[in-house]
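In what follows, a structure is listed as structure tokens, so that the remarks can point back to it.
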Ligand SMILES: [Zn+2]
């Protein structure tokens, strides 16, 4: 059972003594030996024992799990990925991040590369690179983009390690990590490396799921789906910020709420206490715009949105 043969160590602060269980069941944990705990020193929430398995990602395990648990067809996942990629591009402007025609952008853990493809399409003269550990994913992504008439970005199979950082010190205008940080065994180390490769006037943009999403409190089913074997860390606004400052104590850190899924999906979780099904609401329509806009703005303002978006910059 949990904890018997493992000793606790906080991924963020290294505390080995005090922790409090916050979730007893973890989605995908076949052996039933994982729980989620909050560190008694820094309040970071993480799996215990932590799990990180590169082979799982190489075989496209998380996407296969989404298909399995939600019945979402792969086609819908790809369609949603294109919507998500476009929104990510549009969001830079809202956050004062300057995009230029000849910028160098690196997307870390970019998966199929849809975001990279979206950026390459919008900025044909820019140098857009997707760094992704799974060769399988880059190959699937290249095929999908070709079928949709999108020119794929440059793919590089690998991870951001010290060697990569040494070879690319201060060269990127923008470095992005979309839903990557929650998967890795050393979030502080990864953010530190990412800041090393950002230009002096560049920006590191990080998005993660939000532990303070209010749906976690309002739907037990949603809560049970939120804690999963793929996610080693669960960031709140406060722990995401403190993790960033541990990685680079001089960095200027901005934190925003970002709501990915629509209000019908939210209602569905709360009212029926189960997922909306194969095609969750991402809200692309205009029919209920006023309601959606008000709800979304409020959720983001209160930092109870389903995701958090963080921008790190070098000090001026
Ligand atoms: Zn800690």
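Every number in this text was worked out from the coordinates using simple rules, so none of it is lab data. This is a predicted model, so every value here is computed, not measured. Because the Cβ atoms are built from the backbone with ideal geometry, glycine has one as well, and the counts that use them run over all protein chains shown.
Points to keep in mind about this one:
- Largest-first ellipsoid semi-axes for region 52-313, taking √(5λ) over the Cα gyration tensor eigenvalues, angstrom: 27, 21, 19
- The residues 104, 31, when put in order of fewest to most other Cβ atoms within 10 Å, stand as 31, 104.
- Label point distance in nm, residue 30-residue 217, each placed 7 Å from Cα along Cα→Cβ: 3.7
- Exposure proxy for 22, 37: other Cβ atoms within 10 Å of each Cβ, ordered fewest to most, give 22, 37.
- Packing-based exposure ordering (other Cβ within 10 Å, fewest first) of 101, 298: 101, 298
- Two-site FRET efficiency, residue 289 against residue 147, from Cβ-Cβ distance with R₀ of 30 Å, rounded to 0.05: 0.45
- Cα centroid of region 14-41 to Cα centroid of region 105-173, whole Å: 33
- Expressed to the nearest 5 percent, the antiparallel share of DSSP beta bridges inside the chain is 55 percent.
- Residue-averaged [θ]222 nm for the chain, counting only DSSP H segments that reach four residues, each worth -39500 (n - 2.57): -11000 deg cm²/dmol
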